[in-house]
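Have a look at the structure below, then the notes.
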Amino acid sequence: SPLITLSGGNMDISQNDDYIEPGIIRITDIGGDGDISINNVTTRITNSANVDVSLSNFTTIADSYTITYSVVDSNNNSSSVTRIVNVIDNTSPLITLSGGNMDISQNENYVEPGIISVTDIGGDGDISINNVTVKITNSSNVDVSLSNFTSIADSYTITYSVVDSNNN
């Protein structure tokens, strides 16, 4: 049977990065008629649901992929070896706010303009607005309460945060 020796092993890459194939070191036809050309190797890539995907653009979706390299020798003996490529979502979600910076008078009620959307750019879709946390700090970077921060004239920063399913 042929023996395929891969260069490198399993790998993790960031979503949307280019996949650079580490390659095959050699293919040896054990008990056969010699070495087999690398050109005779077939490659198949599947996602975690075992669905065939294209090698040219699989890194656009975070998932665990199996690349199977197969070869058949002149005696019809076959061999396969696999490489696991984990495509990791390292992209933070995007929070889109309604409105911009605001000026309000002291003791005026603060009316939150709202969040338009929270999109998990590299992950599995939109995130609920209910998952957003809000933090208000004054010009001295001290946390203040949303319920009464307008009672003291100051410049405040409102920070909206969210974490996606990949902890980005």
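Stokes-Einstein diffusion of region 33-130 at 20 °C, 1.002 mPa s viscosity, Kirkwood radius from Cα pairs, rounded to a whole number: 118 µm²/s. Dipole of region 76-168 computed with +1 at Lys/Arg Cβ and -1 at Asp/Glu Cβ about the Cα centre; of V132, N86, Q106, farthest Cα towards the positive end is N86.
How much of the accessible area of region 1-65, in percent, comes from carbon and sulfur atoms when a 1.4 Å probe is used? It would help to have the intermediate numbers written out before the result.
Numbers: 1890 of 3990 Å².
C and S atoms contribute 47 percent here.
Here each label is just a point 7 Å from Cα along the line to Cβ, and for S151 and V134 those points are 1.8 nm apart. With θ taken as phi - 60° and the Karplus curve 6.51 cos²θ - 1.76 cosθ + 1.60 applied, the whole-hertz 3J(HN,Hα) list for region 65-75 is 10, 10, 9, 10, 9, 10, 8, 10, 8, 5, 9 Hz, x standing for glycine and proline. The alpha carbons of region 91-165 give a radius of gyration and a Dmax of 14.1, 42 Å, in that order. In the context of the full set of protein chains, region 1-127 has a per residue accessible area of 60 Å² (1.4 Å probe).
Label-to-label distance for N101 and N76 is 7.7 nm, based on points extended 7 Å past Cα in the beta-carbon direction. Taking 0.36 nm per residue of separation and subtracting the Cα-Cα distance, full extension of the segment from N90 to I116 would add 7.1 nm. Between L3 and N50, the distance separating the two model label sites (each 7 Å from Cα on the Cα→Cβ line) works out to 2.9 nm.
Evaluated with a Cβ-only charge set (Lys, Arg +1; Asp, Glu -1), the chain carries a dipole of roughly 200 debye about its Cα centre, given to the nearest 20. Treating each Cα of the chain as an identical point scatterer and ignoring solvent, apply the Debye formula and state log10 I(q)/I(0) at q = 0.18, 0.21 Å⁻¹. The computed values of log10 I(q)/I(0) come out as -1.08, -1.27.
Ranking G31, S117, L146 by Cα position along the charge dipole of the chain, where only Lys, Arg, Asp and Glu carry charges on their C-beta atoms, puts G31 farthest toward the positive end.
Here the accessible area of region 73-143 is 43 percent carbon and sulfur, with a 1.4 angstrom probe and all protein chains present.
The values are calculated or read from the model by the stated rules, or taken from the named source; none is laboratory data. None of the values given here were measured: they were computed from a predicted structure. Backbone-built Cβ (ideal geometry, glycine too); neighbour counts: all protein chains shown. Only protein heavy atoms, including side chains, enter the accessible area calculation; ligands, DNA and RNA are left aside. Shrake-Rupley method; radii C 1.70, N 1.55, O 1.52, S 1.80 Å.
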